[in-house]
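Take a look at the structure below.
Laboratory data are not the source of any read-out in this text; all were calculated from the coordinates shown. From a predicted model like this one, the values you see are computed outputs, not experimental measurements. With ideal geometry, Cβ positions are generated from the backbone for all residues, glycine too; neighbour counts draw on all protein chains shown.
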Amino acid sequence: MAICKVILIGSLSLAYSQAYGQGAGPVPFRKQQLNPQFYSEGINFGDLNRDGKQDIIAGPHWYPGPAFTQKLAFRQPRATPFPIGGDSDCYSIFVYDFNQDGWPDLVVAVEWGPVKVFWNNQGRFTPAPGLGFDRYYSRWLGLGSGDWDADGRPDLVVTSWGRNVQAQADSARPLYLYFGNFGASFALDLLLAQEDPRLGGVAPLAGFARLSRAVPEIAQRLRTFHRYADATVPQVLGPAAAQAPSPGLRVHPTFRRRPTA
């Protein structure tokens, strides 16, 4: 008798059913909420504890099957969940025994930062050191695996937004984020900037009209698009530049890579 297990994965919900034999008729589904809080877009399954039953991985937690009622953290969760309707820090989760010790490991594609790998030490997870992922920051999206170089070992493929973003950055020209109170509104203002070879200094990336609406004092000081186009960050911010970190908070460059484990 053939056994068919159907798992329907949705937004932190699970439908689980068993159908026996051929032509058994409609398969009933049961919805089960794993977690009422939003921690992840990514979700996957695998037998993490090797008990012969599939477990569910969602966000920073995994849920042993077949009940899926126990919540275990394989990495440190956020102190507070993410707001529903926004983004989480986990876009994709991949399950595979990369170190080939017989226990399935976990890989997490984060919304911003390096790809995170966790070794499965017989049901206990620890971050995998020394793989070289820490230097590659990006907006990671998808994960996959295969033996692409035919050396008998599993490789990891990671996809990201890469350079399909408006603000381009690399090691020679990183992005800088200036923050502080740049006007009279007593609000926290943010200014994204980058080295401008023509000016020989760091210049804002935002347009004059948009920045003037956010901080009217800048428009009053510079007055014209021409003067703004030739102004570096200290010249744009004026007296407020003393409040902003110099040269600003460095934003790691975005890479489009396919690293292998």
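Sorting 209-218, 110-119 by average packing, meaning the other beta carbons within 10 Å per residue, from highest down gives 110-119, 209-218.
What is the range 56-129 by shape, rounded, prolate or oblate, if you read a ≥ b ≥ c off the alpha carbon gyration tensor as root eigenvalues and call it rounded for a/c under 1.5, prolate for a/b larger than b/c, and oblate otherwise? It comes out oblate by the Cα gyration axes.
The modelled label-to-label distance between SER171 and LYS53, using points 7 Å beyond Cα along the C-beta direction, is 4.9 nm.
Spin-label model, LYS31 to ALA241: label points 7 Å out along the Cα-to-beta-carbon direction sit 5.7 nm apart. Taking label positions 7 Å along the Cα-Cβ direction at both HIS226 and ASP147, the computed distance is 6.8 nm, reported to one decimal.
One quarter of the convex hull surface built on the alpha carbon atoms of the range 24-158 amounts to 10.6 nm², the projected area averaged over directions.
The trypsin sites (Lys or Arg not before Pro) of the range 129-209 meeting both criteria, a DSSP state outside H, G, I, E and B (loop) and at most 15 other C-beta atoms within 10 angstrom of the site's C-beta, are ARG163, ARG198. If you plug the beta carbon distance of LEU199 and THR80 into 1/(1 + (r/R0)^6) with R0 = 41 Å, you get a FRET efficiency near 0.50. The eigenvalues of the Cα gyration tensor, multiplied by 5 and square-rooted, give the range 102-156 an equivalent ellipsoid with semi-axes of 19, 17, 10 Å from largest to smallest.
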